[in-house]
Amino acid sequence: MDKSLKQLAVLYADVSGSTRLYEQYGDAIARTDLALCIDILRDIARGLSGETLKTIGDEIMVAFAEPVKAALCATEMQASLRRSGEEGRFKMGVLHIKIGWHYGAVAWRDNDLIGEAPITAQQIIKLAKADEILTSRQAVDTLPPPLFPDIHPLEKVPAHAWPGALSISKMPWDRTREETQ
């Protein structure tokens, strides 16, 4: 990742209900399936010029120079995991993830990404539910509307990275099925 960039899109993807999966399927199966899941997410991000900065258990943090690639990555991550589950790649069936991402200011402290973008992306993912992609209004404003016509405002919450409100938007990703609410 080019450490001279002052703004990046930061995306977090987290497997929903992983504690329950360990309890239901046992450590060996859960660990194997979750590792495969993270590998799939990492490969999708890499294919869209994203750099995986870290994985923490069942969560992945990815940075993108171009916000449109973060948006495309988020939708492809959701669709690909659903397909992988339906094709029987996971012993636990279909895995569900939640995604939160933001485009904003960043800085580096050694190899750790810090600043508004990672703080805000982390705040956003905590609001997401299984099968959801949530992002900020700032990120939405960088995207070409024809490519993502169905993004809609969801709520405003107090921002953790600046004084004032953070406007959260939802990115629908599956036009053929009902998303988990």
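The values are calculated or read from the model by the stated rules, or taken from the named source; none is laboratory data. Note that the structure is a prediction, hence the values are computed from the model and not measured. Note that we place each Cβ from the backbone using ideal geometry, even for glycine, and neighbour counts take in every protein chain shown. Quick note on the areas: whole protein, heavy atoms, side chains included, nothing else; ligands and nucleic acids left out. Shrake-Rupley method; radii C 1.70, N 1.55, O 1.52, S 1.80 Å.
Kindly establish whether K98 is at pLDDT 95 or above and not acidic (D, E). For K98, the condition - at pLDDT 95 or above and not acidic (D, E) - is met. Mind checking which pairs have a first residue in segment 13-42 that is under 18 Å from G88 (Cα atoms) and a second that is open to solvent by 70 Å² or more (accessible area, probe 1.4 Å), Cβ under 6 Å, 6 or more apart or different chains? Close Cβ pairs (under 6 Å, with a partner that is open to solvent by 70 Å² or more (accessible area, probe 1.4 Å)) amount to I29/K91; A30/Y22; D33/K91.
A quick yes/no check of all residues on (1) more than 24 Å from T135 (Cβ to Cβ); (2) among the hydroxyl-bearing types (S, T, Y); (3) outside any loop (DSSP other than H, G, I, E, B); (4) open to solvent by 50 Å² or more (accessible area, probe 1.4 Å):
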| site | (1), (2), (3), (4) |
| --- | --- |
| Y12 | no, yes, yes, no |
| L21 | yes, no, yes, no |
| Q24 | yes, no, yes, yes |
| A30 | yes, no, yes, no |
| I38 | no, no, yes, no |
| D43 | no, no, yes, yes |
| S49 | no, yes, no, yes |
| T52 | no, yes, yes, no |
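Which residues, taken from segment 125-145, are acidic (D, E), at negative phi and more than 10 Å from the chain's Cα centre (by Cα)? First the steps, then the outcome.
Going residue by residue through segment 125-145, those that are acidic (D, E) are 131-132, 141.
Of the ones still in play, those that are also at negative phi are 132, 141.
D141 - this is the single residue of segment 125-145 that is acidic (D, E), at negative phi and more than 10 Å from the chain's Cα centre (by Cα).
In segment 74-103, the residue that is most open to solvent (accessible area, probe 1.4 Å) out of those that are of a type in the set (V, I, T) and within 11 Å of the chain's Cα centre (by Cα) is T75.
Within segment 141-151, restricting attention to residues that are of a type outside the set (D, E, K, R) and within 18 Å of Q78 (Cα to Cα), the residue that is modelled with the highest pLDDT is I151.
Which members of segment 163-181 meet the condition of being surrounded by 10 or more Cβ atoms within 10 Å (Cβ to Cβ) and modelled with pLDDT under 95? Correct list: P172, W173, D174, E179, T180.
Pairing residues of segment 161-173 that are over 19 Å from I133 (Cα atoms) with residues that are assigned to a loop (DSSP other than H, G, I, E, B) and not hydrophobic (A, V, I, L, M, F, W, C), at Cβ distances under 9 Å and at least 6 apart in sequence or on separate chains, gives A161/G115. Within the span defined as segment 58-73, every residue fails to be closer than 20 Å to I133 by Cβ, open to solvent by 30 Å² or more (accessible area, probe 1.4 Å), touching a Cys at 6+ places or on another chain (Cβ under 7 Å) and not hydroxyl-bearing (S, T, Y). Scanning segment 1-10 for residues that are at pLDDT 90 or above and open to solvent by 30 Å² or more (accessible area, probe 1.4 Å), which turns out nearest to A107 (Cα to Cα)? Of everything passing the filter in segment 1-10, K6 is nearest to A107 (Cα to Cα).
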